[in-house]
Amino acid sequence: MSLLDVSGLSCRFGSQTALSDISFQVDKGEIIGVIGSSGAGKSTLLRCLCALERPTEGQILLEGADLTQLTERELVAARRKVGLVFQHFNLLNSRSVAANIALPLEIAGWAGGRITERVEELLTLVGLESHGYKRPSQLSGGQKQRVGIARAIANSPSLLLCDEATSALDPHTTTSILDLLVDINRSLGLTIILITHEMEVVRRFAHRVLVLDHGALIENGSMATLMRDSRGDPRLERLLADTRPSLPDTLRSQLSTVPLPDGLTLVRVVLGPQAAKTPFLSVLTRRFDQAITLIQGGTLACGSELLTDMILGFSEPLSEPLISFLEQETHVTEVLGYVPADH
Ligand SMILES: Nc1ncnc2c1ncn2[C@@H]1O[C@H](COP(=O)(O)OP(=O)(O)O)[C@@H](O)[C@H]1O
Ligand SMILES: [Mg+2]
């Protein structure tokens, strides 16, 4: 049984459809990235998953219990299984850092002594051992989000939902918060769903990617699958653009759709985790006797995998045997066009 099983989920606000017939499953221990542009329905999905929003249609099974069918009373217990991390931290400045983390434990009726012990443990887990006495306003953005994460996992939830958890942070701090979430995922086996409009965050972090577009789920797969399926799909290409190598402007402006005498053939090539470890360019050069230029790209970390995503310049138009070799050995081969030799 999956930890989370969503089927036929729709959510409408009057005539506005925020989510339309969404189905997916999440296994225990997975890190899922949910990506989509503004208004795609990401926050609505997250609110449905923590039962803050009742969907118009569909089922949300969390550990077998359907969140859409529970009574208000049962929901209080079910919500404790889901931790929430927000973009703007939502900490109470009238309370110390330790007291902010203690809040969900107080609400759950824990005894005072056990709360103190648990808060110490959580402060250590998120790297804020000596900060418990401070007020949230004395902390940096990254430290505030560490408090937000400690508070979210205080009740040992089975699912952690993060809505734009790093969007208010600078790139360096974003990395440190993502590293913390990966640590927590590994050490506690905690399942994480992270919602963001930044593909770059998802690429580095997620085992699997869900893409929402105008309320519909248009993709559900690994980063490699996403790159393959993005060919010719402008919605996916737009989302991926920030995180992929792209043609320098000077080359783009000279790009032709027909081969040019003595010109270069520009090809995007994506290699999966296995091929990314082989001397791929040497093999190509030797086998097909071509001069190959690396225009852009290299090897990227995608969740726990490595993918190679690059734009190559071949000295000649691609021959049939070369094309079939590329089709066989790569995840994606896409001819982008042709540029003059003296570009
Ligand atoms: N409570 C609400 N009432 C009416 N419309 C809403 C409500 N919540 C969200 N929407 C609409 O649903 C769509 C999806 O919103 P949202 O889930 O916030 O998207 P995202 O988080 O991807 O930016 C938007 O068009 C938004 O205006
Ligand atoms: Mg949102």
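The one condition from (1) modelled with pLDDT of 95 or more; (2) within 16 Å of ligand 1 (Cβ to nearest atom); (3) closer than 30 Å to Gln138 by Cβ that Asn100 does not meet is (2). Filtering Arg268, Arg286, Arg235, Arg252 for residues that are open to solvent by 60 Å² or more (accessible area, probe 1.4 Å) and within 24 Å of Ser324 (Cβ to Cβ) leaves a single hit, Arg286.
If we keep just the residues of segment 135-170 that are open to solvent by less than 30 Å² (accessible area, probe 1.4 Å) and acidic (Asp, Glu), which is nearest to Lys81 (Cα to Cα)? The selected residue is Asp163.
When the residues of segment 33-72 are filtered to those that are closer than 20 Å to Asn220 by Cβ and hydroxyl-bearing (Ser, Thr, Tyr), which remaining residue is farthest from ligand 2 (Cβ to nearest atom)? Checking each candidate, the answer is Ser37. Residues in segment 67-113 that are of a type in the set (Ser, Thr, Tyr) and open to solvent by less than 60 Å² (accessible area, probe 1.4 Å) were compared, and the one that is farthest from His131 (Cα to Cα) is Thr68. Of all the residues in segment 1-35, those that are closer than 22 Å to Glu305 by Cβ, of a type in the set (Gly, Ala, Ser) and touching an Asp or Glu at 6+ places or on another chain (Cβ under 7 Å) number 1.
When residues in segment 25-52 are screened for being at negative phi, away from ligand 1 (no atom under 16 Å from the Cβ) and touching a residue at least 24 places away in the same chain (Cβ under 8 Å), 5 of them pass. I'm checking my understanding of the structure. Among residues of segment 180-227 that are away from ligand 2 (no atom under 15 Å from the Cβ) and hydroxyl-bearing (Ser, Thr, Tyr), which one is least open to solvent (accessible area, probe 1.4 Å)? Looking at residues that are away from ligand 2 (no atom under 15 Å from the Cβ) and hydroxyl-bearing (Ser, Thr, Tyr), I get Thr191. Mind listing just one residue for me: the one in segment 321-337 that is assigned to a strand (DSSP E or B) and of a type in the set (A, V, I, L, M, F, W, C) and, of those, least open to solvent (accessible area, probe 1.4 Å)? Only one residue fits best here, namely Val332.
Any residue that is within 16 Å of ligand 1 (Cβ to nearest atom) and among the polar types (S, T, N, Q) - is there at least one of those in segment 53-60? Yes, some residue in segment 53-60 is within 16 Å of ligand 1 (Cβ to nearest atom) and among the polar types (S, T, N, Q). Summed over segment 2-24, the residues that are out of contact with any strand residue (DSSP E or B) (no Cβ under 8 Å at 6 or more places or on another chain) and near ligand 1 (Cβ under 8 Å from one of its atoms) give a count of 3.
The values are calculated or read from the model by the stated rules, or taken from the named source; none is laboratory data. All values reported here derive from a predicted model rather than from experimental measurement. Using ideal geometry, Cβ is built from the backbone for each residue, glycine included, and neighbour counts are taken over all protein chains shown. All accessible areas refer to the heavy atoms of the entire protein, side chains included, with ligands and DNA or RNA removed. Shrake-Rupley method; radii C 1.70, N 1.55, O 1.52, S 1.80 Å.
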